[in-house]
Every structure is written in C-alpha cells, then in structure tokens.
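What follows is a single structure, written as structure tokens, with notes after it.
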Amino acid sequence: VSLIVDGAKKTVEFLAQGFLKNSLLYVFKNRDLHALFDRQFHKLGVSVESNAVSIYLDCKLIERQVTAERSGMNVSGRTFITTRVEDGRPVD
C-alpha cells in the first residue's frame, strides 16, 4: 500500500496490491483537494474498505472511489511518512 501526495499535480494517489497480485491505482483529483497544497497544516485521512477507497481532508469527505469487485485489496503492510529525497524537506 502506498499513498502519493503530488503537489505539482495537486492529486493524491492510492496504490495497493490486489489479492491476485495485480496493482490497483486510484487517483484522487477533486478540486477540493487543492487546499491540501496551501502550505498550511491539514489532516489527511484515507479510508480503505473492501469495496471503496475514500479520501478525507480536515475530517470532510472529499472523494470516494468504488473498487472493482473482482479486485479485492490486500491491505496488510506498512505505512511510511516521508520527505523529499533531494533535501529532506516535507513534501509540498
């Protein structure tokens, strides 16, 4: 499972592995996500269910994407919060 917060595209990407070892990619690009990139502190939440992935910003549902029925997600794994490789600063 990985979560990519892309400041250049103003998107959030959720990548997971399906039970059939296939890659499942969900790209969230709702206009309401733009506030996430205003260099202020925000709470970003991700809800992963067997049939949907949802993104919350400051406790408000921004977007929900239904997963493919046949592509159940394997959500076991680790979570890492990272910074930019170039300079170690937080990701914008």
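The values are calculated or read from the model by the stated rules, or taken from the named source; none is laboratory data. Treat the numbers as computed from the prediction; the structure is a model and nothing was measured. In this analysis, Cβ positions are derived from the backbone assuming ideal geometry, glycine residues included, and neighbour counts consider all displayed protein chains.
Key figures
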| read-out | value |
| --- | --- |
| Candidate set from region 20-41 (those that are assigned to a loop (DSSP other than H, G, I, E, B) and surrounded by fewer than 12 Cβ atoms within 10 Å (Cβ to Cβ)); member that is farthest from the chain's Cα centre (by Cα) | LEU20 |
| Residue ID - farthest from the chain's Cα centre (by Cα), chosen from residues in region 10-19 that are of a type outside the set (A, V, I, L, M), surrounded by 13 or more Cβ atoms within 10 Å (Cβ to Cβ) and on the phi < 0 side of the Ramachandran plot | GLY18 |
| Of all residues making up region 3-32, the number that are modelled with pLDDT under 95, within 15 Å of TYR56 (Cα to Cα) and of a type in the set (Phe, Trp, Tyr) | 2 |
| Residue that is modelled with the highest pLDDT, among those in region 48-90 that are exposed (fewer than 12 other Cβ atoms within 10 Å of the Cβ) and touching a Lys or Arg at 6+ places or on another chain (Cβ under 8 Å) | CYS59 |
| Total residues in region 25-44, condition without any contact (Cβ under 8 Å) to a residue 24 or more places away in the chain and farther than 15 Å from LEU15 by Cα | 7 |
| Count of residues meeting criterion [within 12 Å of GLN65 (Cα to Cα) and β-branched (Val, Ile, Thr)] in region 1-33 | 1 |
